[in-house]
1. Any idea what angle helix 36-46 forms with the longest principal axis of the chain, computed on alpha-carbon atoms, 0 to 90 degrees, nearest 10?
2. Once you have a ≥ b ≥ c as the square roots of the Cα gyration tensor eigenvalues for segment 1-51, tell me rounded if a/c is under 1.5, and otherwise prolate or oblate according to whether a/b is larger than b/c.
3. Mind sorting out which of (1) 1.58; (2) 1.03; (3) 1.11 is the real Cα Rg over 2.2 N^0.38 Å computed from the coordinates?
């Protein structure tokens with residue numbers, strides 16, 4: 001997450017498997033990105049200085065909750081194989097986030 005905040009694509013490429021996939025549930029539907037470079041570029045493009053990343057267990061595995069102004073805006077879960085991230089599942093849809101913890105979007 002520190003590399004995302006710095007816009008450090010080179011560092012992100014060291015932790016993302018070349019064939020990594022990012023699948024995100026957004027208000028508009030499911031978005032899918034394939035490939036480490038595409039994921040790293042999007043992550044650094046959409047990084048916001050006011051966003052805070054909080055490590056979390058998501059579905060029993062490694063993840064992060066991203067908050068802005070104390071309110072969760074994204075939940076990410078990571079699949080890690082041999083020390084590299086092979087898949088990321090994200091949730092940015094406020095309706096779906098509200099189903100997890102209603103007070104987040106109230």
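1. 40 degrees
2. Values: a/c = 2.69, a/b = 1.15, b/c = 2.33.
Note, shape of segment 1-51 comes out oblate.
3. After the calculation, the listed value that fits is (2).
None of the figures in this text is laboratory data; all of them are computed from the coordinates on show. Computed from a predicted structure; not experimentally measured.
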